[in-house]
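Peer 1: The structure follows.
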């Protein structure tokens with residue numbers, strides 16, 4: 001089955017803020033799902049990659065790299081910024097981090113720490129902030145906190161699907 005490339009994805013806006021607690025739980029569960037997928041493999045398999053594609057370990061590192069962006073974007077919405085913080089679409093930080101030279105447990109520990117901070121931020125959002133929105137710079141779509149949380153969860157799952165595909169090779 002072919003996975004739709006991330007930059008070709010479109011996202012529907014979510015009008016029911018009552019779905020946010022479920023999305024937050026999905027985000028809170030990402031570290032556990034990553035651990036379940038990657039810790040069963042030997043280090044040499046985790047760093048294996050084909051061509052310019054990222055290895056399993058680099059996929060996890062990429063998720064770690066983006067946590068600061070998600071936190072900043074949620075803060076942008078709460079603060080009433082017109083635009084969300086822009087992402088580096090070239091993923092320079094992921095390439096420069098040399099995740100294949102690092103320890104997978106250390107990458108996972110760092111991800112768990114920053115993801116817990118993100119989840120805490122989301123769980124403490126004030127009701128009056130739920131309908132604020134900022135424009136996503138690439139998609140040119142206004143996003144509320146729930147839309148961004150869903151976007152993040154979909155991004156997590158996109159990379160988990162890639163990890164799953166690599167694991168079957």
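Peer 1: Do you know which residues across the range 4-22 are in contact with a helix residue (DSSP H, G or I) (Cβ under 8 Å, 6 or more places away or on another chain), under 22 Å from residue 140 (Cβ atoms) and assigned to a helix (DSSP H, G or I)?
Peer 2: 6 - this is the single residue of the range 4-22 that is in contact with a helix residue (DSSP H, G or I) (Cβ under 8 Å, 6 or more places away or on another chain), under 22 Å from residue 140 (Cβ atoms) and assigned to a helix (DSSP H, G or I).
Peer 1: Among the candidates 113, 128, which residue alone is out of contact with any helix residue (DSSP H, G or I) (no Cβ under 7 Å at 6 or more places or on another chain), over 30 Å from residue 53 (Cβ atoms) and not in a loop (DSSP other than H, G, I, E, B)?
Peer 2: 128
Peer 1: Right, here's the next one. Mind counting the residues in the range 83-109 that are at pLDDT 95 or above, in a helix (DSSP H, G or I) and surrounded by fewer than 16 Cβ atoms within 10 Å (Cβ to Cβ)?
Peer 2: Within the range 83-109, residues that are at pLDDT 95 or above, in a helix (DSSP H, G or I) and surrounded by fewer than 16 Cβ atoms within 10 Å (Cβ to Cβ) number 4.
So that you can scan it fast, the table gives a plain yes or no per residue for (1) under 14 Å from the mean Cα position of the chain (by Cα); (2) surrounded by fewer than 20 Cβ atoms within 10 Å (Cβ to Cβ):
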residue: 118; (1), (2): yes, no
residue: 138; (1), (2): no, yes
residue: 149; (1), (2): yes, no
residue: 153; (1), (2): yes, yes
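Peer 1: What is the one condition in (1) touching a residue at least 60 places away in the same chain (Cβ under 8 Å); (2) more than 22 Å from residue 31 (Cβ to Cβ) that residue 145 does not satisfy?
Peer 2: Here residue 145 clears every test but (2).
Peer 1: Which residue, of 80, 61, is surrounded by 17 or more Cβ atoms within 10 Å (Cβ to Cβ) and over 15 Å from residue 23 (Cβ atoms)?
Peer 2: Every option except 61 fails the conditions.
The values are calculated or read from the model by the stated rules, or taken from the named source; none is laboratory data. Remember, it's a predicted structure, so these values are computed and weren't measured experimentally. Neighbour counts are summed over all protein chains in view; Cβ atoms, including those assigned to glycine, are modelled from backbone coordinates with ideal geometry.
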